[in-house]
Every structure is written in structure tokens, then in C-alpha cells.
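The values are calculated or read from the model by the stated rules, or taken from the named source; none is laboratory data. This is a predicted model, so every value here is computed, not measured. Please note: Cβ atoms are built from the backbone with ideal geometry, for glycine as well, and neighbour counts cover all protein chains shown. Side chains included, ligands, DNA and RNA excluded: accessible areas come from the protein's heavy atoms. Shrake-Rupley method; radii C 1.70, N 1.55, O 1.52, S 1.80 Å.
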Amino acid sequence: MLEKNFSGFILETGTDEAGRGCLAGPVTAAAIILPQDFENQILNDSKQLSEKTRALLKPIIEQQAVCFAVTHLFPDEIDEINILNASMKGMQECILKLKHVPEYIIVDGNRSLNAKLGLKNTFGKQFSSTEIELLKSIPNQSIIKGDAKYLSIAAASVLAKTYRDEYMDQIHEEFPMYNWKQNKGYPTKEHREAIKKYGTTKYHRMSFRLLPEQLTLEF
């Protein structure tokens with residue numbers, strides 16, 4: 001049974017991301033505030049749930065949430081600021097999109113949500129000084145394996161995963177040879193063989209090792 005609250009604050013927000021280890025597509029973040037009486041016996045870390053179960057949970061989470069937000073950060077921004085910074089920035093952007101200002105934030109992982117703010121990135125959202133100060137003002141706690149411990153982080157993980165999967169299904173139609181509908185952009189053998197055969201697309205992360213060292217792309 002996952003815990004409802006870490007801090008004791010009513011407007012506690014859980015946040016998480018999906019797609020950090022992929023070769024293609026965005027890293028997707030989500031943040032959510034759940035009502036104090038929220039209960040769900042099925043909800044868990046999205047990685048522990050089947051695709052069918054995540055799809056069933058998504059509308060339940062959305063309907064019952066006090067508020068939530070989802071953000072995609074795309075490959076050009078990932079390549080510029082690196083995937084760790086992009087993952088964190090995505091969660092920060094979600095916090096700023098919420099209809100209610102959180103009183104406290106819990107984030108999956110071992111890195112403070114305020115670890116880096118106001119990166120001088122060319123692509124994507126630029127944080128204003130007001131937004132940076134707001135993010136700095138909200139206390140937060142990183143929790144290792146938090147998506148398997150707290151309902152709000154688990155809910156955020158489900159939203160991040162389902163929204164990202166939906167996006168990958170859409171771009172699969174544009175480049176079906178990579179089978180993103182199945183592998184979602186992760187480094188499967190099939191995906192890497194397709195990169196070897198067809199090269200890269202605008203959706204690939206060029207800062208990642210797309211192929212093993214013994215293989216090279218042909219242009």
C-alpha cells in the first residue's frame with residue numbers, strides 16, 4: 001500500500017519523468033496534486049504496471065486529481081542541456097503549469113528539484129526570474145524509488161509514461177520502420193538495427209550512443 005503524504009502539507013505535489021533512457025523521442029515529465037482522500041489499490045510505479053493497467057489508471061488519476069501537468073522536452077533540448085538536466089527541467093516546468101502552487105514537492109530519485117534552475121538553453125522554455133524564485137521558494141524532497149512509495153509520485157509516473165507512449169505511437173506513423181509503437185524509442189536490438197539500416201531521424205537524440213561502438217552509421 002503506497003503512502004498518501006510525505007510532508008504533512010495538503011498541497012503536496014508528486015513529480016516524475018519517463019523516457020530518460022530512450023534513443024528517440026522526448027523525455028516526459030508529470031506533476032500532480034492528489035486529494036487527501038485519494039485511494040487506489042492498483043496504482044504503483046508505472047514500470048511495475050502493464051500497458052493495459054496504465055491505460056485504465058490514466059483517466060481515473062486525471063479525473064480525481066486536484067490538478068496535474070505534463071511536459072515533453074524534445075531531443076534538440078535534451079542534446080543541448082543533457083538528459084539529466086532535461087529530466088529535471090521537465091519536472092520544474094510541470095510545477096509551474098499547475099493550477100495551484102504546491103506547498104511541498106516530492107520527486108522521484110536522488111536529486112533535488114532545485115538542483116539546476118535557469119539553464120541558458122537555446123531550445124525550449126526559458127525560465128523567468130520570477131519563475132526561478134517561485135521554484136526556489138517551494139520546499140522539496142527527493143525520494144529514491146519514490147514512485148513505489150508514494151501515491152502522488154506513482155500517479156505522476158503513470159501520467160508521464162502514458163502521455164509519452166501516446167506521443168511515440170503518433171510519430172511511429174511517420175517513421176514505422178523503427179517500430180516506436182512497440183519499443184517506444186528504447187534501445188532494443190530491433191531499434192538499433194533500424195538505425196543502422198535507415199540512419200537517424202529528427203526524433204533521435206544525437207548526443208546518445210545510438211549504436212554500439214563496433215557499428216557505424218552509413219550516410
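Can you give me the ranges of the helices (runs of 4 or more DSSP H) entirely in the stretch 76-175 with at least 2 residues that are in contact with a Ser or Thr (Cβ under 7 Å, 6 or more places away or on another chain), open to solvent by less than 10 Å² (accessible area, probe 1.4 Å) and within 18 Å of residue 30 (Cβ to Cβ)? Break it down into steps so the answer makes sense when it comes.
On the way: elements: 83-97, 129-137, 151-172.
By residue number, 83-97, 151-172.
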When the residues of the stretch 189-205 are filtered to those that are under 23 Å from residue 29 (Cβ atoms) and outside any helix (DSSP H, G or I), which remaining residue is farthest from the chain's Cα centre (by Cα)?
201
For residue 47: the one exception among (1) out of contact with any Asp or Glu (no Cβ under 7 Å at 6 or more places or on another chain); (2) at pLDDT 95 or above
(2)
What are the residue pairs meeting all of these: first residue in the stretch 87-113, first residue among the β-branched types (Val, Ile, Thr), second residue in a loop (DSSP other than H, G, I, E, B), Cβ atoms under 6 Å, and 6 or more apart or on different chains?
105/113; 105/138; 106/6; 107/113
Are any residues in the stretch 176-188 over 15 Å from residue 27 (Cα atoms) and either touching a Ser or Thr at 6+ places or on another chain (Cβ under 9 Å) or part of a helix (DSSP H, G or I) (or both), and if so, which ones?
176, 177, 178, 179, 181, 182
Mind checking which residues of the stretch 176-189 are of a type in the set (Lys, Arg) and surrounded by fewer than 17 Cβ atoms within 10 Å (Cβ to Cβ)?
181, 189
